[in-house]
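Could you have a look at this structure, given as structure tokens, before my questions?
The values are calculated or read from the model by the stated rules, or taken from the named source; none is laboratory data. Note that the structure is a prediction, hence the values are computed from the model and not measured. Glycine gets a Cβ as well: all are built from the backbone with ideal geometry, and neighbour counts include every protein chain shown. Note: areas computed on protein heavy atoms with side chains; ligands, DNA, RNA excluded. Shrake-Rupley method; radii C 1.70, N 1.55, O 1.52, S 1.80 Å.
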Amino acid sequence: MKIKYVANQLTPEGLDEVQRTILAYKLGQHVAMSGPPGVGKTDLVMNIPKIVERPMFDITCDSYMTEGPLVGFPELEGENGHTVTVWRNGAASQAAAENGIFYGDEFDLLQGSVQKRLN
């Protein structure tokens, strides 16, 4: 496994951002990152699943998105006129089901009511 990310920021606890993010993952905590473009947020997120050897489920959010693509939705499945309703997990639910990493890029763009329901 070849990792291209280079840690360059120390936190107040004396950890770099990679160590702090992995610690949060091990403790089952969520991580929210913010900063100007080009500082390495996405690069870090893309490498964490490789380091902890877990699958990643990602989605790009926007202000029109509802809970469906994140949590899941019912869907009709079948053929020849015979259908059944099945549940399709969204990105966040699938990550939880497979003990993976969920990455909601631009999560802050979601409507406040959607963010509140997801929490």
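Might you let me know whether segment 79-100 holds any residue that is open to solvent by less than 60 Å² (accessible area, probe 1.4 Å), touching a Phe, Trp or Tyr at 6+ places or on another chain (Cβ under 8 Å), of a type in the set (G, A, S) and at pLDDT below 90?
No - not one qualifying residue is present in segment 79-100.
Under 9 Å by Cβ, and 6 or more places apart or on different chains, what pairs join a residue from segment 87-98 that is within 19 Å of T60 (Cβ to Cβ) with one that is of a type in the set (S, T, Y)?
Between residues of segment 87-98 that are within 19 Å of T60 (Cβ to Cβ) and residues that are of a type in the set (S, T, Y), the close pairs are A91/Y103; A95/Y103.
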